[in-house]
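The values are calculated or read from the model by the stated rules, or taken from the named source; none is laboratory data. Everything numeric here is computed off the predicted structure, so don't read it as measured data. For neighbour counting, all protein chains shown are included, and Cβ atoms are generated from backbone atoms with ideal geometry for every residue, glycine included.
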Amino acid sequence: MHEMGVARQMADIALESIPGNVVNPRVEKLYLRIGKLAAVVKESLEFCFEIITRDTPLEGAELVIESVPVKVLCRACFHEWQVDGPVFTCPACKDGAVEILSGRELEITSMELAED
Ligand SMILES: [Zn+2]
């Protein structure tokens, strides 16, 4: 499952980001930015994340996911637009030489540690 790899990657980065001086750290919320092109299913990611993070400071953490729209730039006429489907042809000049500006994001923007 694609989401299992993503969840593992996110969990690894989050665990590394926990400051070393925190005693018994527990992450309450993890904020993610996920591009639509990353093709991540939220429910699957949450499911995998829950399995992977068992018995770690990330156990029970809530995933707050921001979905990043796919933005595309036409190299021929520099028209910029947002894509909702898999069509990657410029609507202005019908050229196919398009560049993807955003939508591939898979990143952690921040996280909240629980306070005891
Ligand atoms: Zn164009």
Among the residues of region 83-94 satisfying the criterion of being within 9 Å of the ligand (Cβ to nearest atom) and of a type outside the set (S, T, N, Q), which is surrounded by the most Cβ atoms within 10 Å (Cβ to Cβ)? 90
Examine region 103-112 for a residue that is within 16 Å of the ligand (Cβ to nearest atom), part of a loop (DSSP other than H, G, I, E, B) and either out of contact with any Phe, Trp or Tyr (no Cβ under 9 Å at 6 or more places or on another chain) or at pLDDT below 95 (or both), and state whether such a residue exists. no
Does region 84-109 hold any residues that are among the β-branched types (Val, Ile, Thr) and more than 26 Å from residue 7 (Cβ to Cβ), and which are they? 87, 89, 98
State whether one or more residues within region 68-82 are within 16 Å of the ligand (Cβ to nearest atom) and aromatic (Phe, Trp, Tyr). yes
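The rows are residues; the columns are (1) more than 18 Å from residue 25 (Cβ to Cβ); (2) aromatic (Phe, Trp, Tyr); (3) modelled with pLDDT of 95 or more.
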{"position": "55", "(1), (2), (3)": "no, no, yes"}
{"position": "59", "(1), (2), (3)": "no, no, yes"}
{"position": "75", "(1), (2), (3)": "yes, no, yes"}
{"position": "78", "(1), (2), (3)": "yes, yes, yes"}
{"position": "83", "(1), (2), (3)": "yes, no, no"}
